[in-house]
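Read the structure below first, then the notes.
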Amino acid sequence: MIDLRKNRLTKCLIIGCSLLSLSAVAQTSVWQVSKGDDSIYIGGTLHILPKEQIPLPKEFEYAYNHADTVLLEAPMPDPSDTQAQMNILTTLSYKDGELLANKLTPEIEQKLETKLAEFGANINELNHFRPFMVSVILMSMELQKQHLIGEGVDAHFVKRANTDGKTLSYLETLDYQLQLFKQMGENSESQFIENNLAQLSNYAELFTSMTAAWRSGNTKQLNELVVKPLQKNDPDTFNKLLKQRNYNWLPKIEALFGNQQKELVLVGAGHLVGEYNLLTLLNEQGYSVTQISQQDEVL
């Protein structure tokens, strides 16, 4: 097992913890969802955002300033919380002598070795990790290489809410997320790793396009860039990571209506575009969904 205190992958693992909800949208990615006289705000987020992308679009500021409660996907432990980090690593690691390399075809193992060599690492350092954790480490390495590391939208508002005394709430627990991520790529390890390696081949271009689409609220482009490829190349991950969680969250979001509070719900932008997205599910339940525009008078 990697020694967190000494190994050169430590920084990647810490960065990776903020990527776990990857599970990575004139308008921007904020919507007002209404029923009668009551409404909430739902914002699509990027879990990693370079510093030059701050300040955020002003629609986020408007929704945050008018919210009493901020809901996020799940609580994430502080990177300095060693016990919590070890829990993440333990859950996303193999036990009883299992190794990732033994679950990969020779071709995919070689492709993974080649990519890791670009970062000065090798498969032996990752062999104990499950596919999802390997994908997180690969992405964090690539983000560092491309100088794209930065605080995500979620983390930004968690700090703001703590400072401002706003209530923080969550749609699911970290333990639930970890058990979900533990299953990613199970029994299809080669395909899962191959898909992730393919994404890394042009990640800087993809990330730039994805960020531009997020800032402008271009749901069609976000769907083309993020959701459709996942749905086509890895339908099992699409179903578990996006579709099923959207259905799980639907009643929890509906329960926010009918009180005196105003809520801002922040979820990964991929949950708000494409098939079975959360906004469409709410609309089908009779809620009015309006994308906030920079030109709206309320702003």
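Quickly run through the stretch 56-97 and pick out the residues that are among the small types (Gly, Ala, Ser) and over 30 Å from Ile40 (Cα atoms). Listed by number, the residues that qualify are Ser80, Ala84, Ser93, Gly97. Does Ala204 satisfy being touching a strand residue (DSSP E or B) at 6+ places or on another chain (Cβ under 9 Å), under 24 Å from Ser140 (Cα atoms) and not aromatic (Phe, Trp, Tyr)? Considered against the rule, which asks whether it is touching a strand residue (DSSP E or B) at 6+ places or on another chain (Cβ under 9 Å), under 24 Å from Ser140 (Cα atoms) and not aromatic (Phe, Trp, Tyr), Ala204 comes out as no.
Of all the criteria given as (1) at pLDDT 95 or above; (2) in a strand (DSSP E or B); (3) buried (at least 18 other Cβ atoms within 10 Å of the Cβ), the one not satisfied by Val289 is (3). Taking (1) at positive phi; (2) surrounded by fewer than 16 Cβ atoms within 10 Å (Cβ to Cβ) in turn, Gly185 satisfies each apart from (2). For the stretch 117-134, enumerate the residues that are part of a helix (DSSP H, G or I) and either in contact with a Pro (Cβ under 9 Å, 6 or more places away or on another chain) or under 17 Å from Asn102 (Cα atoms) (or both). Hits for the stretch 117-134 are Ile123, Asn124, Glu125, Pro131, Phe132, Met133, Val134.
Take the conditions modelled with pLDDT under 95 and surrounded by fewer than 16 Cβ atoms within 10 Å (Cβ to Cβ) and apply them to Gln199. Does it pass?
So Gln199 does not fit the description; no.
Could you tell me whether the stretch 142-156 includes any residue that is in a helix (DSSP H, G or I), at pLDDT below 95 and exposed (fewer than 14 other Cβ atoms within 10 Å of the Cβ)?
no
Yes or no: the stretch 188-196 includes at least one residue that is outside any helix (DSSP H, G or I) and over 19 Å from His47 (Cβ atoms). Explain how you work it out, then say what you get.
Pass one, the stretch 188-196, residues outside any helix (DSSP H, G or I): 188.
This time we only want the ones that are over 19 Å from His47 (Cβ atoms), so: 188.
Checked against the condition, which is being outside any helix (DSSP H, G or I) and over 19 Å from His47 (Cβ atoms), the stretch 188-196 yields at least one hit.
So for the stretch 166-173 (the condition being assigned to a helix (DSSP H, G or I) and over 15 Å from the mean Cα position of the chain (by Cα)), does at least one residue qualify? Checked the stretch 166-173: no residue is assigned to a helix (DSSP H, G or I) and over 15 Å from the mean Cα position of the chain (by Cα). When Met210 is tested against (1) assigned to a helix (DSSP H, G or I); (2) within 22 Å of Pro57 (Cβ to Cβ); (3) in contact with a strand residue (DSSP E or B) (Cβ under 9 Å, 6 or more places away or on another chain); (4) not acidic (Asp, Glu), exactly one condition is not met: (3). The residues of the stretch 80-107 that are within 25 Å of the chain's Cα centre (by Cα) and either surrounded by fewer than 12 Cβ atoms within 10 Å (Cβ to Cβ) or in a helix (DSSP H, G or I) (or both), listed by number, are Ser80, Thr82, Gln83, Ala84, Gln85, Met86, Asn87, Ile88, Leu89, Thr90, Thr91, Leu100.
Filter the stretch 235-265 down to the residues that are among the hydrophobic types (A, V, I, L, M, F, W, C) and part of a helix (DSSP H, G or I), then identify the one that is nearest to Lys166 (Cα to Cα). Reasoning before the result, please.
Of all residues in the stretch 235-265, those among the hydrophobic types (A, V, I, L, M, F, W, C) come to 238, 241-242, 249-250, 253, 255-257, 264-265.
If we keep only those that are part of a helix (DSSP H, G or I) as well, we get 238, 241-242, 249-250, 253.
Values: Phe238: 33, Leu241: 28, Leu242: 28, Trp249: 21, Leu250: 23, Ile253: 18 Å.
Across the stretch 235-265, the extreme among qualifying residues is Ile253.
Residues in the stretch 115-130 that are over 17 Å from Phe192 (Cβ atoms) and not aromatic (Phe, Trp, Tyr) were compared, and the one that is surrounded by the fewest Cβ atoms within 10 Å (Cβ to Cβ) is Gly120.
Being closer than 19 Å to Val33 by Cβ, within 19 Å of the chain's Cα centre (by Cα) and surrounded by fewer than 21 Cβ atoms within 10 Å (Cβ to Cβ): is that true of Tyr247 here? The answer is yes for Tyr247.
The values are calculated or read from the model by the stated rules, or taken from the named source; none is laboratory data. Computed from a prediction, not measured in an experiment: that's the story for all the values here. Backbone-built Cβ (ideal geometry, glycine too); neighbour counts: all protein chains shown.
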